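Q: My structure is below; once you've seen it, I'll send some questions.
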Amino acid sequence: MNHALTEDAKFSLAINATEGAAGTTDISGYIQDMSGFDAIAYAITFGAITATAVTSIKVQQGDAADLSDAEDVAGSGITVEADDDNQVFLSDIIRPEKRYV
């Protein structure tokens, strides 16, 4: 059985370019309602990374639409090294346990 990935998955913008500008605070991505979808994939792009930066990506999930009950999705953490300038990182979650990611 052949299926296009786009039939069963949701692709979504995690953050926009302005929100993703270099800074010193955590940046939260957009909350996605997974109702009717089996998977979600994020493509996270980075420009220049400061040499002393401690940068990582993780996906969270919860039952509340505002993710006030957010918990980390096991295995979703990605460490971004200081020399990972101008790279794209992919994070995909198959069958999340909670409705919102």
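Q: Restricting to the stretch 63-83, name every residue that is in contact with a Gly (Cβ under 8 Å, 6 or more places away or on another chain) and among the hydrophobic types (A, V, I, L, M, F, W, C).
A: The answer is A70, and nothing else.
Q: Which residues, taken from the stretch 28-58, are modelled with pLDDT under 85 and loosely packed, with under 13 Cβ neighbours inside 10 Å?
A: S28, T45, G47, A48, T50, A51, T52, V54
Q: Filtering the stretch 68-84 down to residues that are in a loop (DSSP other than H, G, I, E, B) and over 23 Å from E97 (Cα atoms), which residue is most open to solvent (accessible area, probe 1.4 Å)?
A: Looking at residues that are in a loop (DSSP other than H, G, I, E, B) and over 23 Å from E97 (Cα atoms), I get D83.
Q: So which residues in the stretch 27-67 are free of Cβ contacts under 8 Å to residues at least 40 places away in the same chain, part of a loop (DSSP other than H, G, I, E, B), closer than 20 Å to V88 by Cβ and not hydroxyl-bearing (S, T, Y), if there are any at all?
A: Selection gives I27, G29, G47, A48, I49, A53, V54, K58.
Q: Looking at the stretch 14-26, which of the residues that are at pLDDT 70 or above and open to solvent by less than 70 Å² (accessible area, probe 1.4 Å) is nearest to I93 (Cα to Cα)?
A: Filtering first and then ranking leaves A14.
The values are calculated or read from the model by the stated rules, or taken from the named source; none is laboratory data. The model shown is predicted, which means the values in this text are computed figures rather than measured ones. Glycine also receives a Cβ, built like all others from the backbone with ideal geometry; neighbour counts cover every protein chain displayed. Heavy atoms of the whole protein, side chains included, go into the accessibility calculation; ligands, DNA and RNA do not. Shrake-Rupley method; radii C 1.70, N 1.55, O 1.52, S 1.80 Å.
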